Amino acid sequence: MNTLLIVITIMLFSTQTLSMKLIKAGPLRERLLIYAGFTFIASMGLLLFSLFQPEARQISPETLMFGILFGLGFMLTIIFYNLAISTGPLSYTAFYFSASMLIPTVTGIIAFNEAMTLTTVAAILLFLAAFYFINVNPDQKSEGGSTKRSDKWLLYCLLTFLFNGLLAVIQKFHQHQMEGTQSSGLMFVGFCSAFVFYILAYTVQYVTGKKQESLTISGEGTVLRQNLLPMVLLAATSLIGNIIMTFLSGVVPSSYLFPLVQGSIIVSITLCSMLLFREKLSTFGKIGIMLGVFAIIIINL
């Protein structure tokens, strides 16, 4: 059963990343509005679910605290991840998103005394090698013939790495504290908190933004209508994926779960980038894909 849930989680989070490519928005304020929209949809979906599932309405003080922290981390992860995707290649940006598995993996070993098996060590080393080869792209040159990438893009990627990794740590500590319960409650508080944080950020951006970016109901409504599909996809994949991942973090060792999920995501995203968005993959990138596949096989031995 856990294996099936892991496969579903990988598919959901891969779709989540691809959905961000569908967003049609200009300034940051419009993106914040879209993020607020999809977290609102996710919150309402979970509220409806709670009408039929009493467990989803169980929210202890600990779950409230972890949920607010999750919402803040989720807001920052999505903002920086989307900014990175919009300023650099999807396949290489996904490297940093998936490499964040190192944070919860190390946390699980240090804080929860989880065993590190030989196959897990080998798989993690292969994943790191895969990430390296996928990230090193000597065939891609910027204007002027330089291979140096944008410092802004790199900063967005590093911040995505940090906050996405901390999200998994929050889920792990919550499930350990609550003994595997209240995962739905954590997500409800988390997405409601993220919605509030996005609205606050949207308001600040509007107040401090340029005058030509004036607020109009028709203009904001148009942005929401144009991005209805990606908002629904983001809401569904983010909500369901994180609920399943929160549950799995309480029953599957972090040293196995996070390398497998995030390593599989980077492989699937890179393949989708080539097939759907026509991104060209360097020779090193192809080597990285093969190493990633080997890592997935080894970690399941």
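Mind checking which residues of the range 51-66 are surrounded by fewer than 23 Cβ atoms within 10 Å (Cβ to Cβ) and touching a residue at least 60 places away in the same chain (Cβ under 8 Å)?
Listed by number, the residues that qualify are GLN53, GLU55, ALA56, ARG57, GLN58, ILE59, SER60, GLU62, LEU64.
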THR3 passes all but one of the listed conditions (1) in a helix (DSSP H, G or I); (2) among the β-branched types (Val, Ile, Thr); (3) under 24 Å from LEU166 (Cβ atoms); the exception is number (3)
Screening LEU48, LEU90, LEU69 for residues that are open to solvent by 30 Å² or more (accessible area, probe 1.4 Å) and in contact with a helix residue (DSSP H, G or I) (Cβ under 9 Å, 6 or more places away or on another chain) leaves only LEU69
The range 149-161, residues that are over 11 Å from the mean Cα position of the chain (by Cα) and open to solvent by 30 Å² or more (accessible area, probe 1.4 Å)
ARG149, SER150, ASP151, LYS152, LEU154, LEU155, TYR156, LEU158, LEU159
Among the numbered conditions (1) modelled with pLDDT under 90; (2) open to solvent by 70 Å² or more (accessible area, probe 1.4 Å); (3) part of a helix (DSSP H, G or I); (4) not polar (S, T, N, Q), tell me where ILE85 comes up short.
(2)
Applying the selection to the range 227-281, what residues are open to solvent by less than 10 Å² (accessible area, probe 1.4 Å) and not in a helix (DSSP H, G or I)?
ASN227
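The values are calculated or read from the model by the stated rules, or taken from the named source; none is laboratory data. Model, not experiment: these values are computed from the prediction. With ideal geometry, Cβ positions are generated from the backbone for all residues, glycine too; neighbour counts draw on all protein chains shown. Surface areas here come from the heavy atoms of the whole protein model, side chains and all, with no ligands, DNA or RNA. Shrake-Rupley method; radii C 1.70, N 1.55, O 1.52, S 1.80 Å.
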